[in-house]
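This report refers to the structure that appears directly beneath it.
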Number of protein chains: 2
Amino acid sequence: MAYTVGQVARIAGVTVRTLHHYDEIGLLSPSGRTPTGYRRYDDADLQRLQLVLYYRELGFPLEEITAIIDDPAADPAAHLRRQHELLTVRIKRLQEMVTAVEFAMEASKLNIQLTPEERFEVFGDFRPEEHAAEAEQRWGDTDAYRESNRRVARYSKDDWLRNKAENEDWGRRIVALLAAGAPADGPEAMDLAEEHRQLISRWFYECSYEMHTGLADMYLADERFTAYYENIAAGLAAYLHEAIHANAISRA
Amino acid sequence: MAYTVGQVARIAGVTVRTLHHYDEIGLLSPSGRTPTGYRRYDDADLQRLQLVLYYRELGFPLEEITAIIDDPAADPAAHLRRQHELLTVRIKRLQEMVTAVEFAMEASKLNIQLTPEERFEVFGDFRPEEHAAEAEQRWGDTDAYRESNRRVARYSKDDWLRNKAENEDWGRRIVALLAAGAPADGPEAMDLAEEHRQLISRWFYECSYEMHTGLADMYLADERFTAYYENIAAGLAAYLHEAIHANAISRA
DNA sequence: CTCCCGCCTGCCGTTACGTCAGGGTCAAGC
DNA sequence: GCTTGACCCTGACGTAACGGCAGGCGGGAG
């Protein structure tokens, strides 16, 4: 099985220039050439290219990739294990960023100020520096985002007032429920939790049950959120937290 | 609240040079200068920087970031929504890569050959191109990876024979169980599923319940895996699949 | 007043390619 | 057998996002 540069490029989803470059720097030289000088790649070359692309995606500089791949002590299985490990580390990191964004969203919704240090916490000790051309023409192209933006962009002053009113109405009802001593995992509290979720979804952003329980956790974990709800009624933060979790579990 | 370049750099986790660069290209110019020409950043500048860093991490070129941030139609909440959306898209993508790696791991374990196209499927239509300096000195530095590598590196020929023997022993027992008509969600089948998971963990890589059910799904979804197990005994693929799922649920 | 650390402005270097330019090649069709 | 368009080759220069100096002020603690 022999392939030309163009074929390899199409299969692997890279440009011909990239393959030329990898040849130049000795990262991936085709196993042979035709009499007329055309590059000929074989299956082993493709395997190597696959390794290269994974490590590249994982953020390694090409020079280092050369060293990693040429390391005779690393068999294919070792590479797979390493890549699996690196991928999960990166996913964890992105999930932390998601949490940070959700935190910021909720903070802005409740008008809570963050300190500068807090805002950059997620960038703390680890040098980010990423790129992804994939984002290029994709910007603003994700359905959910457009959806959400369309929604908010159309809000009139009137809408905002209605939103505020709905929120306050919801607040009054849950305070009453708490005062009446209704259990947080009872049907009324769960219904109000669900309503809370749907208020967010209607006015701000699609709020899944997962995101919702994330918010609930923040209400207890961060003192400013706690203070916001405790300020409305003593015990409300914990009450809402429990109700949201109970609601999420029962609907799942 | 006014900050010098150095302070901002420390807070945000970037270099002073980077801030100079952002000033040069007009992406983030400090709101003022001291009489002697020192840059003075204020809180608004920090907020802007935070936006910049998030979009940078999400892979946008700086020029585009300038356009996005200077877009007067986008309020802070819109940015948060967009970033949340982009982050989840990227997480999904990485999880696909994880699945692809797990697939490749399992394929190599069972000696199944992949076609070149399959190997690059995950890079298919979307231009990867990522970087993360974080990986730099971190390479080979993740506990689980070193663990796993230490394990495999020490295997002698004897160990490999033992591994093969254990595997075959497990195979005989599950075939017997299947032949005896024991239910796939019964205790014996679940025990053998658990043993399967622990065999992988002992010999190859730490296999969580989540990964294990992922493997089980592949056994049914991919015909080569199915064929591998069906070849041992008719109905074994589905049987193992169900047993693994039952086991994972009961231990969770 | 003196240090040393921090800040300033150039300016050149680097990585991982993109993008021509100028020219040979291959296979399909006439 | 010849054309033609798609494909390949090797330079060589361009670009983005900084890194890393050099050479020279600024500033606050002792």
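The values are calculated or read from the model by the stated rules, or taken from the named source; none is laboratory data. All of these numbers come straight from a predicted model, not from anything done at the bench. Using ideal geometry, Cβ is built from the backbone for each residue, glycine included, and neighbour counts are taken over all protein chains shown. These area figures cover heavy atoms from the full protein model, side chains too; ligands, DNA and RNA do not enter into them. Shrake-Rupley method; radii C 1.70, N 1.55, O 1.52, S 1.80 Å.
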Separation between the B:Asp158 and B:Asp23 pseudo-spin-labels, each 7 Å from Cα along Cα→Cβ, expressed in nm?
6.7 nm
Rounded tilt (10° steps) of B:223-232 against the dominant C-alpha axis of chain B:
30 degrees
Probe 1.4 Å, all protein chains present, accessible-area order of A:Glu210, A:Glu96, largest first
A:Glu210, A:Glu96
Chain B: relative contact order in percent, alpha carbon pairs under 8 Å with at least 6 residues between:
13 percent
Would you mind giving the mean number of other chain beta-carbons within 10 Å of the Cβ of each residue in A:203-214, as a whole number?
1
Any idea what angle helix B:43-57 forms with the longest principal axis of chain B, computed on alpha-carbon atoms, 0 to 90 degrees, nearest 10?
40 degrees
Top positive-direction residue, dipole computed over chain A with Cβ charges, set A:Ala107, A:Asn247, A:Leu46:
A:Leu46
Rg/Rg_ref, the range A:147-251, where Rg_ref = 2.2 N^0.38 Å and atoms are Cα:
1.08
Heavy-atom accessible surface of the protein assembly as shown: percent carbon and sulfur, 1.4 Å:
53 percent
Base-10 log of normalised Debye intensity for the range B:26-95 (one unit scatterer per alpha-carbon) at q = 0.15, 0.28 Å⁻¹:
-0.56, -1.30
Between the label point of B:Glu117 and that of the same position in each other copy, find the distances and list them shortest first in nm, with every label point placed 7 Å from Cα along the Cα-to-C-beta direction.
5.6
How large is ³J(HN,Hα), in whole Hz, for each residue of the range A:157-163 in order, when computed from phi with the Karplus curve 6.51 cos²θ - 1.76 cosθ + 1.60 and θ = phi - 60°, using x for Gly and Pro?
4, 4, 4, 4, 5, 4, 4
If you count, for every residue in B:110-121, the Cβ atoms of partner chains within 10 Å of its Cβ, what is the mean?
4
What are the label-to-label distances in nm, one decimal and shortest first, from B:Trp160 to the same spot in the other copies, with labels 7 Å along Cα to Cβ?
7.1
Quick one: how many lysine pairs does the protein assembly as shown have with C-alpha atoms less than 28 Å apart and a gap of 8 or more or different chains? Give me the count, please.
9
Accessible area of A:Phe103, 1.4 Å probe, to the nearest 10 Å²?
40 Å²
Counting only other chains, and only Cβ atoms inside 10 Å, what mean value do you get across the residues of B:52-63?
5
Taking chain A as the reference, fit the longest principal axis to its C-alpha atoms, fit the long axis of helix A:143-153 to the helix C-alpha atoms, and give the angle between the two in degrees, 0 to 90, nearest 10.
40 degrees
Percent of alpha-carbon pairs separated by more than 32 Å within the protein assembly as shown
56 percent
Which chymotrypsin sites (Phe, Trp or Tyr not before Pro) in the range A:1-39 pass both tests, a DSSP loop state and at most 16 other beta-carbon atoms within 10 Å?
A:Tyr38
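What does the convex hull of the Cα atoms of chain A come to per residue, in Å³, rounded to a whole number? Show your work: numbers first, answer last.
Working: hull volume 46.4 nm³, N = 252.
Convex hull of Cα atoms, per residue: 184 Å³.
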Compute the relative contact order of the range A:5-74 as a whole-number percentage, counting only Cα pairs closer than 8 Å that sit 6 or more residues apart in sequence.
23 percent
Over chain A, the sum of -39500 (n - 2.57) across DSSP H runs of at least four, divided by residue number and rounded to 500 deg cm²/dmol, gives at 222 nm -22000 deg cm²/dmol
